[in-house]
Structures are given as C-alpha cells and as structure tokens.
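Participant: Here it is, the structure in full.
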C-alpha cells in the first residue's frame, strides 16, 4: 500500500491518482486534514499526542510549517501502518527512490528482489539507508516531452552525477552531501522523525516498556539495496520549489550544485531498458499536450483576459531553457503577489528558429507572439514587439536571461 499525503499540491494530483486509488494501490490523504480527522485509531498514547502536537503547528499560519506538517504526516502513516499490520514502513519523498544494484546477489536470484530482500531482513527493527545526493547534471530547466514522445526523459537517464559518498570530513556541505532515510517495523515504533525512527522501540506492540532497536545501516555503495536522492533536478525546478514553500534554503545554489555533480554514476542504467519497456506498454498513445508536462499548473495561473492592464513582453534568443525559467517566475509572481492585475503575456523570438518558437508557444501560455528571423539589438526588437502585439496601456519589457527571486 502506498500512502500519499497531499500538502498543497497544484498539479491535479487527486485526478492523476484516481486509477490507483480505485484499485487500492494508493491511499490519498489531503494534508493537513480536517479538524475531525481520526488520529486515535491504531495509535498508542504517545503516538497520538505526537501527531496532535505537530498537526497544531502544521495548521498555524504564523510560522514556517513544513517540518511539523511532515512529522504529523509520517507519524500518521505509522499509525495507519500499525492498523494494516504492515511489517515495514518506508517513508520517503517523490525525489527519492531505492534500487538493487546489478552486483546485488538478489538481483538475478530472486523474482521480486526488493520484496524478498525485505522479508530476509525481518530480524531487524530498523533499516537505515545512507544515499547518494544528485545534482542537476547540467540541466537548467525541466525535462521536455516532445510532441511524439510517450513520456518525458527519465531522471535515471538524464541525471547521472552525485556528490562524493566516501569519508569526506572536509566537505563544505556536511550532512547535505548524503541522504538519510529509514524503513521501520510500525508495530513497535515509538514515533518517526523526518529521516529516521526513534531508536527506542516498544518491547511489544501494545507495551509501554521500551528497548534499544536492532538496526542495520546500509551504506551508499552497498551491494544489496541503494538509495538515490535528487537535491536539484534543475535550476528552474529548485527555485520554483523555494518560492512555493517560501523557503530560501532549498533555492538553487550554483557552487553547491557543482559539488553535487562531482561523481559520475551509471549504476542504475542496467534497469532503464526494462523500465522503458514497461512504460511503453502502459502508455499506448501519446498523451494530450500538458497532460503530464511541468507547465500544466502555469495554464491554470494565467488565462487570457479581454481587457489586460499590463502587457508583459519577453524577449527570447534561441535559449528555450532560459525562457521557460523566466515565464515560470513571471506567472508565479503575478499569481501570488499581484492576482488583481489583468495582464497579457507576449513573446518575441528575436532571431530564434521557428522550432524554438513552436516549442515555447505550445508549452507556455503566451497570449501572442512575434518572430523576427534576424537578431537585432534589444531596444529596437522590444519596440517592434509591443507596438505591434500589446493591447494593454502599460508595458513591462523583460529579457529571458534576467534573473529574479520571489
């Protein structure tokens, strides 16, 4: 069973998950839940109080609430897993995954290596994974799904570089250079942290007495089951995440990303052919435009208006990634901070090829566009754009490589 806690997503997550909810693969929970949400069933006294306290902080509007919301969700999953009588609870984010390396003795010998491996480790209470932290591998913008592609490029194909995983006490990024997550036996867990479980566990499922947990540590280069964490998928995605959560600590850091790209690792590549085959077999036809692209939420945030007050013009010269990033920030800024201003969004392809213009106007919600075959200086190009394309009485001119923070 997969439990998904939806904390303020904006990408129609419930609609996407419906087939999996209906066949009982996924349990969907909107988070934070309503005040009458049951946090008592299957929870011992300490666990229910722990959930209750963090939910109170999660619902607060006067503080940054990401951590208490996560703690409340993870411990609610612990409560639900106890009710399901699950043997293992694994808690991780959508930018993390586990895989058996090709050198794993279980990979060829077992039919379902991950499931059967976990069954073989049931003598332990907690499995602590230390994983590799991956950088952008040079990607500035989101991966793109072409009009004839069944799916966008897979992260495991495009992101193959991570931070050093050996002993590096001199690392300038300390604990950030490695990822930490854990699997635990929910029947005897006291409570769960963000990355781990309380090492003092219950002697018996309904006991009030505790003991030291029996734990197994899985190193980043172990030959059984490895963990991968994507710190940065792209510069654009990191800054969008920072703006959404109002947390500058997750914004893109170029020096940090360089450190997270020092080691080339293709250990998972052997799984790509079978993964691609499975994806192809489940996607028999090309999905409609925007149905799975990153910019679907931008379509909801900006709609063409009959009487725009401001014309926001974007000048682009062959750099699709920069233009995507600029438009992403413009729309999210206007949606979050200036929702009362009606505006139109206009693109000028200043010397861009037609293929670039088609890609941008198909995937991004421009109200109109104008394409010049010959590259000219910015003032002249901008004048030709807003004199011919803008309807609004006021004009804001921007170039695609101008950076800004929300």
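The values are calculated or read from the model by the stated rules, or taken from the named source; none is laboratory data. What you are looking at is a predicted structure, and each value in this text was computed from that prediction instead of being measured. Note: ideal-geometry Cβ built from the backbone for every residue, glycine included; neighbour counts use all protein chains shown.
Participant: Among the residues of the range 42-53, is any within 28 Å of residue 332 (Cα to Cα) and either touching a helix residue (DSSP H, G or I) at 6+ places or on another chain (Cβ under 6 Å) or at pLDDT 90 or above (or both)?
Facilitator: Let us first name the residues in the range 42-53 that are within 28 Å of residue 332 (Cα to Cα), namely none.
The answer is no, given that none of the residues of the range 42-53 is within 28 Å of residue 332 (Cα to Cα) and either touching a helix residue (DSSP H, G or I) at 6+ places or on another chain (Cβ under 6 Å) or at pLDDT 90 or above (or both).
Participant: If residue 41 satisfies all but one of (1) closer than 30 Å to residue 282 by Cβ; (2) not in a helix (DSSP H, G or I), what's the number of the condition it fails?
Facilitator: Among (1) closer than 30 Å to residue 282 by Cβ; (2) not in a helix (DSSP H, G or I), the lone unmet condition for residue 41 is (1).
Participant: Please count how many residues of the range 226-247 are surrounded by 17 or more Cβ atoms within 10 Å (Cβ to Cβ) and in a helix (DSSP H, G or I). Step through it out loud before you land on a result.
Facilitator: Our first condition is that a residue be surrounded by 17 or more Cβ atoms within 10 Å (Cβ to Cβ); within the range 226-247, this holds for 226-240, 242-243.
Next, from what is left, pick out any that are in a helix (DSSP H, G or I): 235-240, 242-243.
Final tally of qualifying residues: 8.
Participant: With a cut-off of at least 3 residues that are within 15 Å of residue 128 (Cα to Cα), name the strands (runs of 3 or more DSSP E) lying wholly within the range 171-225. Show your work before the answer.
Facilitator: Details: elements: 178-184, 200-202, 210-212, 215-218.
Ranges flagged: 178-184, 215-218.
Participant: Same structure again: Of the conditions (1) in a helix (DSSP H, G or I); (2) modelled with pLDDT of 85 or more, residue 261 fails just one. Which one is it?
Facilitator: (1)
Participant: Would it be correct to say that residue 11 is more than 23 Å from the chain's Cα centre (by Cα) and surrounded by 11 or more Cβ atoms within 10 Å (Cβ to Cβ)? Before the answer, list the steps.
Facilitator: On the way: more than 23 Å from the chain's Cα centre (by Cα): no; surrounded by 11 or more Cβ atoms within 10 Å (Cβ to Cβ): yes.
In short, no.
Participant: Scan the range 265-294 residue by residue and report those that are modelled with pLDDT of 60 or more, in contact with a helix residue (DSSP H, G or I) (Cβ under 8 Å, 6 or more places away or on another chain) and part of a loop (DSSP other than H, G, I, E, B).
Facilitator: Once the filter is applied, which keeps residues that are modelled with pLDDT of 60 or more, in contact with a helix residue (DSSP H, G or I) (Cβ under 8 Å, 6 or more places away or on another chain) and part of a loop (DSSP other than H, G, I, E, B), the range 265-294 yields only 268.
Participant: Which residue, of 357, 341, 331, is assigned by TED's automatic domain parsing to the domain that holds residue 395, assigned to a helix (DSSP H, G or I) and farther than 16 Å from residue 10 by Cβ? First the steps, then the outcome.
Facilitator: Details: 341 fails: assigned to a helix (DSSP H, G or I); 331 fails: farther than 16 Å from residue 10 by Cβ.
Checking each option against the conditions leaves just 357.
Participant: Can you find, within the range 347-363, the residue that is farthest from the chain's Cα centre (by Cα) among those that are buried (at least 22 other Cβ atoms within 10 Å of the Cβ) and under 27 Å from residue 242 (Cβ atoms)? Explain how you work it out, then say what you get.
Facilitator: Taking the range 347-363 and keeping what is buried (at least 22 other Cβ atoms within 10 Å of the Cβ), we get 347-350, 352, 363.
Those left that are additionally under 27 Å from residue 242 (Cβ atoms): 347, 363.
On the way: 347: 28, 363: 20 Å.
So the residue we want is 347.
Participant: Looking at residue 195, is it surrounded by fewer than 19 Cβ atoms within 10 Å (Cβ to Cβ), modelled with pLDDT of 90 or more and over 25 Å from residue 105 (Cα atoms)? Before the answer, list the steps.
Facilitator: Working: surrounded by fewer than 19 Cβ atoms within 10 Å (Cβ to Cβ): yes; modelled with pLDDT of 90 or more: yes; over 25 Å from residue 105 (Cα atoms): yes.
Judged against the criteria, residue 195 is a match.
Participant: If I filter the range 324-343 down to residues being in contact with a strand residue (DSSP E or B) (Cβ under 9 Å, 6 or more places away or on another chain) and more than 17 Å from residue 394 (Cβ to Cβ), which single residue comes out as surrounded by the most Cβ atoms within 10 Å (Cβ to Cβ)?
Facilitator: Filtering first and then ranking leaves 327.
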